[in-house]
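Nothing in this text is a laboratory measurement; each read-out follows from the coordinates by a stated rule. All values reported here derive from a predicted model rather than from experimental measurement. Note: ideal-geometry Cβ built from the backbone for every residue, glycine included; neighbour counts use all protein chains shown.
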Amino acid sequence: MSHCKALFVVDTPAQIFNLKEALDAYKVSDYDIIICDCCRADAYAQLRNQISSLAPSNVIEVPRVEGDVRDRIAIYAQHLPWLKQQNYSLIFFSNIRQQWQRDIVCSLRSAKAVLMDDGNATLMFYHFLFRHQQFFDFPVDSNQYRANQAAEIRMQLEVDIQQPEMLELFTIFNLEQLPWLSVRHNPLSELKKIHNQLDEQHILFLGIGAVELKYMTPESYIQLLRESAELFPDKKFIYQPHRISSIELVERIAAETNFTVMRLNKPVEEWLRENECPPATVVSFFSMALSTCALCFPALKVVSLAPKLDTWHGAMNSHVWNMTQCNNLQIIEVIMNYLRQDLRVEVIDI
């Protein structure tokens, strides 16, 4: 095996599946990992736990910092001098909407940049950005003083933000290559499993963050769950909340539906792989896990429920984090259009 040294820039536990696949696909013999406590809920704790199963040469942990802009940039930029000395051939990153990831990737210009899937956001990036030869889309800071300060600090710390000329996408999605975007398939081979036994009585329902993202009210979401259950008479539902779901909403779902709530401290794909007799059917609306489950667990039936697009009416005006080219309703439409083309996923209009 030829020597190939890589850096992985990650911030969610699900990225560890992609990391393991990349080690094999790209024949990586030596690698470092840098992680940052910048996400919601318990993602960072889960990420640290997942990393314990790996054998990187170095792990750099970037703690959460709030307040002064210098501190928030310096907390990760301080590692750039050392990172630049490592002569990485490849730099894998997982979230183009995180400025700390953008800054590291753009600053290590000698390494080939590879973006791993960031959930369904990959489809959004491809449709609204990559097709137009754009890799990043951070909104302009409305506070000009703060924007100037951040630019000055990046200059002082030798942080580059100019996007690379080429990008590679390591993805489970079936997407066409572009002149400036190469695409390599991620088979998720480590996750794959053919289950010999299935629990036909139970359905695993994967929740989405529709309430927290202000796509709809709690009452509307709970009613949608009730209507969804009616499509599967005589079945028992296990509800796995989205990681951003509030405790209050989850408690209401448990009290106001017939769903049994299951809170996992690991990605649902890992739970399914470890389960010798999982629910025979996985259902959601447009969760990324529909695509990963359909790819990894061929014995399971994977179903996407598709209410009319205006069901998510609040998505048109809800905040799209660090993206300017689209609204959330357009993003949902892109995802649903893709799911309808995926022969491994059954789409049911409701």
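Before moving on, here are some points about what is shown:
- The chymotrypsin sites (Phe, Trp or Tyr not before Pro) of the range 306-350 that meet both conditions, a loop assignment by DSSP and at most 15 other Cβ atoms within 10 Å of the site Cβ, are Trp321.
- For the range 5-185, the Cβ-based charge dipole about the Cα centre amounts to some 160 debye (Lys, Arg positive; Asp, Glu negative; other atoms uncharged).
- Across every pair of non-identical alpha carbons in the range 278-350, the mean reciprocal distance, once inverted, gives a Kirkwood radius of 13.1 Å.
- Calculated from backbone phi, Karplus (6.51, -1.76, 1.60) coupling profile of the range 322-329 in Hz, x at Gly/Pro: 6, 9, 10, 8, 7, 10, 5, 5
- Take the Kirkwood radius over Cα pairs of the range 14-55, plug it into Stokes-Einstein at 4 °C and 1.567 mPa s, and you get 115 µm²/s for translational diffusion.
- Every Cα-Cα pair of the chain was included, and the share exceeding 24 Å stands at 59 percent.
- Across the range 141-150, coupling constants 3J(HN,Hα) worked out from phi with the 6.51/-1.76/1.60 Karplus curve, θ = phi - 60°, read 5, 5, 8, 5, 4, 5, 5, 5, 5, 4 Hz, and Gly and Pro carry x.
- The range 5-185 - Kirkwood radius from inverse mean 1/r over Cα pairs (Å): 16.8
- Förster radius 45 Å - calculated FRET efficiency between Glu176 and Met155, Cβ distance, rounded to 0.05: 0.75
- Between the range 70-104 and the range 10-26, the alpha-carbon center distance in angstrom: 17
- Efficiency of FRET from Cβ geometry, Arg70 and Glu165, R₀ 35 Å, rounded to 0.05: 0.70
- For the range 88-127, the Kirkwood hydrodynamic radius from C-alpha pairs, put into Stokes-Einstein at 4 °C and a viscosity of 1.567 mPa s, yields a diffusion coefficient of 123 µm² per second.
- What the phi angles of the range 278-283 give under the Karplus curve with 6.51, -1.76 and 1.60, with θ = phi - 60°, is a coupling list of x, x, 6, 10, 10, 10 Hz, glycine and proline written as x.
- The distance separating the Cα centre of the range 258-310 from that of the range 184-247 comes to 6 Å.
- Under-5 Å amide H pairs with Tyr239, H placed in peptide plane, nonlocal only: Phe205, Thr260, Val261, Met262
- Taking only the alpha carbons of the range 199-349, we obtain Rg and Dmax values of 15.0, 44 Å in that order.
- Here the range 130-227 is described by how far its Cα atoms reach on the three principal axes: 60, 39, 26 Å, from widest to narrowest.
- Once both labels are positioned 7 Å from their Cα atoms along Cα-to-Cβ, the gap between Ser53 and Ser189 label points is 1.7 nm.
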